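This report concerns only the one structure given below.
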Amino acid sequence: MEIKKISGKNILITGGTGFVGSHLVEELVKQEANVLTTFITLNPLSYFFQKKLDKKVKMINVDICDFDKVFDIVTKFSIDYIFHLAAQPLVEVAFYNPKRTLYTNIIGTINILEAVRLYPKIKGAIVASSDKAYGKLDEGKYKETDSLKGDHPYEVSKSSADLIAYSYYKTYNLPVVTTRFGNIYGEGDLNFSRIIPGIIKSLIKDELLEIRSDGKYVRDYLYVKDVVDGYLLLISNIEKIKGEAFNFGSDETLSVLDLIKLVEKYLNKKVNYKILNSAKNEIFYQSLDYSKIKKLGWQPKTKIKDVIKRIFIWYKKILTND
């Protein structure tokens with residue numbers, strides 16, 4: 001399948017000022033789509049503002065948990081497609097604030113799906129789920145046919161939203177597709193509790209990197225631009241694949257300690273770290289089988305070694321005003 005141009009289409013991105021959302025906004029603007037994004041808070045250091053995307057899109061201050069306001073946006077701006085990326089995205093935050101995480105990630109998704117159900121002009125919606133929606137597997141790679149069985153607040157919020165999206169397709173034939181990604185990295189991730197931003201910040205600031213796990217937790221690492229390519233492939237073929245879920249994995253499936261060694265090698269810098277082994281509710285091994293999306297024509301193109309220097313330079317500029 002090919003990625004079709006979507007110039008002139010009205011596209012709503014919830015969470016478009018965030019890490020992944022801002023890269024998606026950037027590409028859609030290049031393709032001359034009419035882009036709107038919701039936001040609650042703004043960060044002048046974000047990729048969104050560094051790329052001056054605020055000058056190129058319509059920004060609307062709204063909480064996705066407010067259905068009336070969400071539906072007002074959809075109808076007022078005659079939305080054609082929705083990318084639903086807005087969420088509470090951090091496992092540790094979910095541990096301490098489960099109510100807000102569950103409410104945002106589940107009710108926010110319901111509101112988007114209701115808007116699609118009630119406004120027939122919408123041709124398609126993509127709901128961002130997560131590899132966390134699968135819960136815990138002892139070994140092996142997750143497949144789209146595996147059960148969704150999160151058992152802690154963040155994982156459950158993703159399992160629930162994922163199942164709800166499928167139910168809207170099954171019941172109302174909504175043109176909705178769900179995506180499940182591994183760990184996404186790249187320029188613009190300002191959540192320094194995540195491992196790659198944390199590593200780079202520790203190098204730039206000459207700080208001790210505190211590792212919450214025992215250092216052996218394994219994840220897929222996927223570059224953000226590859227994620228954007230996947231989103232565009234899905235949205236341009238939404239009618240053929242509606243109701244389906246797609247894993248987006250990586251060939252770089254690494255433990256935290258192996259990741260640190262890789263970054264050290266290609267940045268030629270030594271990471272000073274300490275193992276805390278204090279992680280709560282996190283999954284030890286997660287890797288996604290992405291053979292399904294590969295059949296549609298997507299696969300990860302980018303290796304960490306090819307972009308880590310460029311990513312380091314971006315963070316150095318942000319953190320030192322250099």
Region 130-160 versus region 251-269: alpha-carbon centroid distance in Å: 26
Cα coordinate range in the chain, projected on the principal axes (Å, largest first): 55, 44, 39
For the chain, calculated [θ]222 nm from helices alone, where every DSSP H run of n ≥ 4 adds -39500 (n - 2.57): -12000 deg cm²/dmol
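Take each uninterrupted DSSP H stretch in the chain, measure its Cα extent along the helix axis, and return the ones at 20 Å or beyond whose mean Kyte-Doolittle hydropathy is at least 0.5.
Working: long enough: 153-172 (28 Å, -0.53); 304-320 (23 Å, 0.40).
Qualifying helices, which must be both long enough and hydrophobic enough, do not occur.
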GNM flexibility winner over the chain from Asp72, Asp131, Asp80 (Cα, springs under 10 Å): Asp72
Most fluctuating residue given options Lys76, Lys294, Lys305, as computed from a GNM of the chain linking Cα atoms under 10 Å: Lys76
Per-peptide average of other Cβ atoms within 10 Å, ordering 209-216, 285-292, 47-54, 262-269 highest first: 285-292, 47-54, 209-216, 262-269
Other-chain or far-sequence residues with amide H under 5 Å of Leu222's (modelled H): Asn183, Ile184, Tyr185
At R0 = 25 Å, FRET efficiency that the Cβ-Cβ distance of Leu208 and Gln50 yields, to 0.05: 0.35
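Going by the alpha-carbon gyration tensor, a ≥ b ≥ c the square roots of its eigenvalues, is region 117-192 rounded (a/c under 1.5) or, if a/c is not under 1.5, prolate (a/b greater than b/c) versus oblate? If you can, show how the numbers build up before the last one.
Numbers: a/c = 2.21, a/b = 1.37, b/c = 1.62.
Oblate, since a/c reaches 1.5 and b/c is not below a/b.
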Residue of Ser250, Ser157, Ser278 that the Gaussian network model of the chain assigns the largest fluctuation, springs spanning Cα pairs under 10 Å: Ser278
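Normalised by the residues of the chain, what does the relative contact order come to in percent, with Cα pairs under 8 Å and at least six apart? Show your work: numbers first, answer last.
Numbers: 630 pairs, mean separation 59.4, N = 322.
Once normalised by length, the contact order is 18 percent.
Going down the list Lys242/Lys292; Lys76/Lys295; Lys132/Lys170; Lys240/Lys294, which pairs span over 26 Å between their C-alpha atoms?
Values: Lys242/Lys292 14 Å; Lys76/Lys295 37 Å; Lys132/Lys170 23 Å; Lys240/Lys294 15 Å.
Violating the 26 Å Cα-Cα cut-off are Lys76/Lys295.
Greater than 23 Å separation of Cα atoms is the criterion. Which listed pairs, Lys51/Lys309; Lys280/Lys309; Lys225/Lys309; Lys201/Lys301, meet it? Walk me through the numbers on the way to the answer.
Values: Lys51/Lys309 19 Å; Lys280/Lys309 31 Å; Lys225/Lys309 16 Å; Lys201/Lys301 25 Å.
Exceeds cut-off: Lys280/Lys309; Lys201/Lys301.
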Length added when fully stretched, Tyr119-Asp66, from 0.36 nm per residue minus Cα-Cα: 17.4 nm
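Computed from the coordinates by the stated procedures, all read-outs in this text should not be read as laboratory data. It should be emphasised that the depicted structure is a prediction, and the values quoted were computed from it without experimental measurement. Don't worry about glycine lacking a Cβ; one is built from the backbone with ideal geometry, like all the others, and counts go over all protein chains shown.
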